[in-house]
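The values are calculated or read from the model by the stated rules, or taken from the named source; none is laboratory data. If you're wondering where the values come from, they're calculated on a predicted model, not measured in any experiment. Cβ: placed from backbone, ideal geometry, glycine included. Neighbour counts: every protein chain shown.
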């Protein structure tokens, strides 16, 4: 009698949490590649980013989401709509809590978003590589339990890898039997054009001062994949002239550095030689413009990789 093949498991898992909880870093660590940009600035992730993990006997489709925050601008409200939509029709939710940050009212508010959600959820206590005394995790877990109970409580570090094997095993064990939704070499739903724009924005976040990050957007105007060279032209949009001056820097030094470092990372990611041209423009109140927000949505970039 032939032995029965082990059942294949698959499912959809949303990654949630407050800004700077480590969601994008975790997604990149789990799938083994850079899909989401990472920065110490809050609200770095502005849209839902999908990443696929293939392991023996299972396929996990992760959805990285913007940080849970109070909505103000149209951009922020759209970000929170993305978060709420990620709660529906999921097999598992991963709620990330920064173990190094003080637990306060904003954490309670964020957890309240999950209060009436029946989907199975894990609490991941992140950045434990920065935590001097691991015993501090126990009282923090009790504080969180007072707001919402979770199926699993797993301390992790996406940087050092601590706890990630246990997390992967727990995720796979939770997922239902099902088919592989994507081919084995499929990594993300994001088009290269969007990933390129995000790498530029990440470099701006790293190289500019505090007042610029939330007011910056990047639009790829031209994407020409030639036989020996990928030519990319992109515009960096800010809301005020002072922000434009910061991005450009003295004698263009900051913009040149942003362009050089973004180009080098793109060449690594896309495995080809790149010519990158950057421009900076002021567009007042772009965060309140539905037309502009639609233009920078990655879904609008599908099918436009070869203008």
**Q.** From the options 146, 151, residue that is in contact with a strand residue (DSSP E or B) (Cβ under 9 Å, 6 or more places away or on another chain), closer than 19 Å to residue 94 by Cα and not assigned by TED's automatic domain parsing to the domain that holds residue 233
**A.** 151
Q.
Take the residues in the range 206-244 that are assigned to a loop (DSSP other than H, G, I, E, B) and out of contact with any strand residue (DSSP E or B) (no Cβ under 8 Å at 6 or more places or on another chain); name whichever of them is modelled with the lowest pLDDT.
A. 211
Q: Of all residues in the range 177-205, count the ones that are in a loop (DSSP other than H, G, I, E, B) and out of contact with any helix residue (DSSP H, G or I) (no Cβ under 8 Å at 6 or more places or on another chain).
A: 10
(Q) Please determine whether any residue of the range 209-219 is within 20 Å of residue 6 (Cα to Cα) and free of Cβ contacts under 8 Å to residues at least 40 places away in the same chain. (A) no
Q: Go through the range 107-162 and count every residue that is on the phi > 0 side of the Ramachandran plot and crowded, with 19+ Cβ neighbours inside 10 Å.
A: 1
Q) Name the residues in the range 50-67 that are out of contact with any strand residue (DSSP E or B) (no Cβ under 7 Å at 6 or more places or on another chain) and at pLDDT below 75, would you? A) 66
Q.
Tell me yes or no: at least one residue of the range 265-281 is at pLDDT below 85, within 15 Å of residue 198 (Cα to Cα) and not in a strand (DSSP E or B).
A. yes
